[in-house]
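Notes follow the structure.
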Amino acid sequence: MRAGRTPKAVIVGAAGIALALTAAGCGSGSKPAASGGGSTTGAPSSASSPASASSSSASASASASGSSSSSAAGADSAAAALVPDAIKSKGTLTIATDPSYPPNESKDANGRIIGWDVDLGNAIAAKLGLKANFTEVTFDDIVTGISTGKYDAGMSSITDNKKREGVDDFVTYFNAGTKLMVPKGNPKKLTGTGPTDLSLCGLTVGVEKGTVQETDDIPNRNKACEAAGKKDIKTLSQDTQDQINESLGSGRCDAVLADSPVVDYYAKSGNFEAVGDIYAGAPYGIAVSKTNTGLSQAIQAALKDLVADGTYHQLTTKYGIQAGDYTTPGLNQAQS
C-alpha cells in the first residue's frame with residue numbers, strides 16, 4: 001500500500017473531484033468520513049480534498065516546492081536531544097511525499113501540500129524543535145531517495161513490510177489495509193472479498209506504481225486465477241493516483257486497488273464506490289535511512305509523545321480516519 005495508495009468521473013482530475021464533493025455537500029467546511037515527488041502530471045493532485053480543506057494553518061503553509069511549516073505542539077526536550085546534529089543545525093526536517101493520495105497527502109487549489117500525514121509530520125517536527133519541509137516526490141522514488149540522503153524521511157502512506165525494511169528503517173504510525181474501488185453502480189458486479197477473490201480475473205485493474213497492490217496483491221491474485229483456470233488480471237500501473245482515477249473514470253481500467261482510507265475517501269465523491277472489506281492490514285511507516293538511527297529514535301519518541309498527549313487522536317479524528325489509530329509506534333514492525 002503505500003499499504004498501497006489510491007485514486008480520483010467521468011469528472012477527470014482533482015479539481016473535478018473537488019467540485020463533485022462540493023456538490024455532494026462536502027465543501028471546504030466539511031470532509032467525508034473516510035475510514036480509513038517527482039512531480040505529478042496532469043491536473044493538480046486532489047485540488048481541494050474536503051478533509052484537507054479544513055487542515056490546520058500549519059499544514060496550509062507547506063507547499064509543493066518544499067516550504068517549511070511547524071505545528072503548535074511544544075517541543076519535547078528528550079526527543080529533540082535524539083536528533084542528529086546535522087539535522088538539528090539546519091533546523092528543518094526534509095520529508096518526501098507524493099501528494100496524490102487524500103486524505104493522507106494531497107495538494108490544495110494553490111498547489112500547497114496538505115493532509116493528515118502533513119499535519120502529523122508538522123507535529124512530529126515541532127516536538128523535535130524543527131520545522132517540517134514537505135517535498136513533492138513520485139512515490140516510487142521516495143524510499144531510494146532517502147537511502148541516498150536526498151531526503152531526511154519519507155511520509156507518504158508507505159506500508160511497512162519486510163522488503164522495504166531491507167532498504168530503510170520504518171517508524172510505524174497508522175493501521176491501513178487494501179480495498180477495491182469501482183465505478184459507481186459496480187457495473188462488473190465485482191465482489192472484492194479479499195486477496196484470493198476471483199471476480200477480478202481477466203479484468204484490468206489500476207494501481208499506483210511501487211505500491212503493495214502492484215508488487216504483492218495482483219501477483220498473488222493471479223496465482224489464484226491460474227489455479228482456478230481463469231485468465232490473469234491485467235495490471236495498469238501509473239505514476240500517481242490522480243492518473244489511476246482518471247483511468248477508472250474513463251474506462252481504461254475496470255477497478256482500482258488502493259489503501260482503505262483513500263478508497264473510502266473517494267467513495268464519498270459519488271463517482272466511485274468501495275467494494276468488499278479491508279484486507280491485508282499493515283502499518284504505515286515513516287521511512288528513515290538505516291544510517292540515520294538517531295533520527296528514527298527521535299521520530300519514534302515524538303510519536304509516542306503525540307499519542308500520549310492526545311494530539312495524534314485529535315488529528316486522525318479530524319480526518320475521519322481514527323479507525324486506523326496506532327497507539328504503539330515502533331521501529332520495523334512488519335510481519336511480512
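With unit charges on the beta carbons (Lys and Arg positive, Asp and Glu negative) and the dipole taken about the Cα centre of the stretch 255-336, which residue among V256, P283, L303 sits farthest to the positive side? It is L303, whose Cα lies furthest towards the positive end. Peptides 179-191, 253-265 ranked from most to least packed, by the mean per-residue count of other Cβ atoms within 10 Å: 253-265, 179-191. Counting Lys and Arg as +1 and Asp and Glu as -1 over every other residue whose Cβ lies under 9 Å from the Cβ of D140, the net charge comes to -3. Charge tally for D232 (other residues, Cβ to Cβ under 9 Å; Lys, Arg +1; Asp, Glu -1): +3.
Remark on K234: its backbone amide H falls under 5 Å from those of G202, L203, T204, V205, a criterion applied only to residues 5 or more positions apart or on other chains, H modelled at 1.01 Å from N. If a paramagnetic tag sat 7 Å from the Cα of R252 along the Cα-Cβ line, which residues of the stretch 171-203 would have the backbone N under 17 Å from that point? Output list for this probe position: 182-183. The 3J(HN,Hα) values that the Karplus relation (6.51, -1.76, 1.60; θ = phi - 60°) gives for the stretch 124-136 are, in residue order, 5, 4, 5, 4, 8, x, 10, 10, 7, 10, 6, 10, 6 Hz. Gly and Pro appear as x. Under 16 Å from a label point set 7 Å out along the Cα-to-Cβ vector of A86, the amide N atoms of the stretch 147-187 belong to 147-154, 168-169. Here's the picture: a label point sits 7 Å out from the Cα of L203 along the beta-carbon direction, and within the stretch 217-238 the residues with their amide nitrogen under 15 Å of it are 218, 221-222, 225, 231-236. Any idea how far apart A334 and K189 come out in nm if each label point goes 7 Å out from Cα toward Cβ? Spacing of the two 7 Å Cα→Cβ label points: 3.9 nm.
Using the Cβ atoms and a cut-off under 11 Å, what net charge is assigned to the surroundings of L93, where Lys and Arg are +1 and Asp and Glu are -1? Mind dumping the intermediate values first?
On the way: positive: K88, K90, K127, K131; negative: D152.
So the surrounding residues net to +3.
Distance between the modelled labels on N220 and T144, one decimal in nanometres: 2.5 nm (7 Å Cα→Cβ projection). 3J(HN,Hα) along the stretch 262-271, derived from phi through the Karplus expression 6.51 cos²θ - 1.76 cosθ + 1.60 where θ = phi - 60°, amounts to 6, 4, 5, 4, 6, 5, 7, 6, x, 9 Hz, with x in place of Gly and Pro.
Only the coordinates and a few stated rules stand behind these numbers; no lab work does. Given the structure is predicted, the values throughout are model-derived calculations rather than measurements. Neighbour counts are summed over all protein chains in view; Cβ atoms, including those assigned to glycine, are modelled from backbone coordinates with ideal geometry.
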